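Values quoted throughout were computed directly from the atomic coordinates according to the rules given, and no laboratory measurement underlies them. Treat the numbers as computed from the prediction; the structure is a model and nothing was measured. Cβ sites come from the backbone with ideal geometry, for glycine too, and all protein chains shown count toward neighbours.
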Amino acid sequence: MSLPPGADRDAIARAVEGLLAACGLSAATEPDLGLTPGRVADLYAELLAGHDPATEPELATFPHHGEGDLVLLREVPFHSICVHHLVPFFGRALIAYLPGERIIGLSGMARLLERYARRVQLQERLGLQIADHLERLLAPRGLAVILEARHLCMEMRGVRKPGLVETRIVRGELTDPRWAEALRLAHER
């Protein structure tokens, strides 16, 4: 994977060396740290690839013929990097839509999740980016993006308590209470 435009792998490696030195660590005293700066630079190239416009997935859409029931993809794992602390958050996603005139290939929803998760991110913004993209692409009658995640910034520092954070973006016909119940049941399975 490539780094986002404007990123410099060597500069990242030097910055990691500086961070380690500022923490009182060096390859001289901890030999296992010798290759760490380069490894961290490669890691961030992969974790932040979603900032590169070239990573936008080509998503196939197809005409939709018929009434169309709910299309729902659930329990899709994801991980991202907290924009505030640069530590991971990870969880699972439920992405659903009521088709309008177009439908998307099933893997397309997972590709959108992957693309937007590979950025420094807020969970709330991640859900909005997926919902906005689906809305632009498909003009569905309704859509929902439900993300449930653990945030290591909360578990490893500050309050130091585990917990799941859930965010929900629900639009269009899926705001109707009948659909809300269907989403709740699908999410709780």
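Place +1 on the Cβ of every Lys and Arg and -1 on the Cβ of every Asp and Glu in the chain, take the dipole about the Cα centre, and give the residue among T167, A45, Y97 whose Cα lies farthest towards its positive end. Farthest along the dipole direction, towards plus: T167. Annotation for R111 and D42: the two label points, set 7 Å from Cα along the Cα-Cβ direction, are 2.7 nm apart.
Evaluate the charge dipole of region 76-158 about its Cα centre and quote only its size in Debye, nearest 20, assuming +1 on the Cβ of each Lys and Arg and -1 on the Cβ of each Asp and Glu.
Roughly 160 debye for region 76-158.
The simple spin-label model puts a point 7 Å past each Cα toward its Cβ; for T29 and R92 those points are separated by 4.4 nm. So how tilted is helix 123-138 from the main axis of the chain? Cα-based, degrees 0 to 90, rounded to 10. Its long axis makes an angle of about 50 degrees.
How many percent of Cα pairs in the chain exceed 21 Å? Cα-Cα pairs in the chain separated by more than 21 Å: 58 percent. Give me log10 I(q)/I(0) at q = 0.12, 0.14, 0.24, 0.26 Å⁻¹ for region 127-189, Debye formula, one equal scatterer per alpha-carbon, no solvent. Result of the Debye calculation: -0.41, -0.53, -0.97, -1.05. Relative to the longest principal axis of the Cα atoms of the chain, the long axis of helix 9-22 lies at roughly 60 degrees.
Relative contact order, whole percent, for region 58-188 stands at 26, derived from Cα pairs under 8 Å and 6 or more residues apart.
The simple spin-label model puts a point 7 Å past each Cα toward its Cβ; for A180 and V76 those points are separated by 2.5 nm. For helix 106-117, report the angle its Cα long axis makes with the longest principal axis of the Cα atoms of the chain; keep it between 0 and 90° and round to the nearest 10°. So the helix axis and the longest Cα principal axis differ by about 40 degrees. Across region 9-54, the relative contact order, built from alpha-carbon pairs under 8 Å that are at least six residues apart, equals 48 percent.
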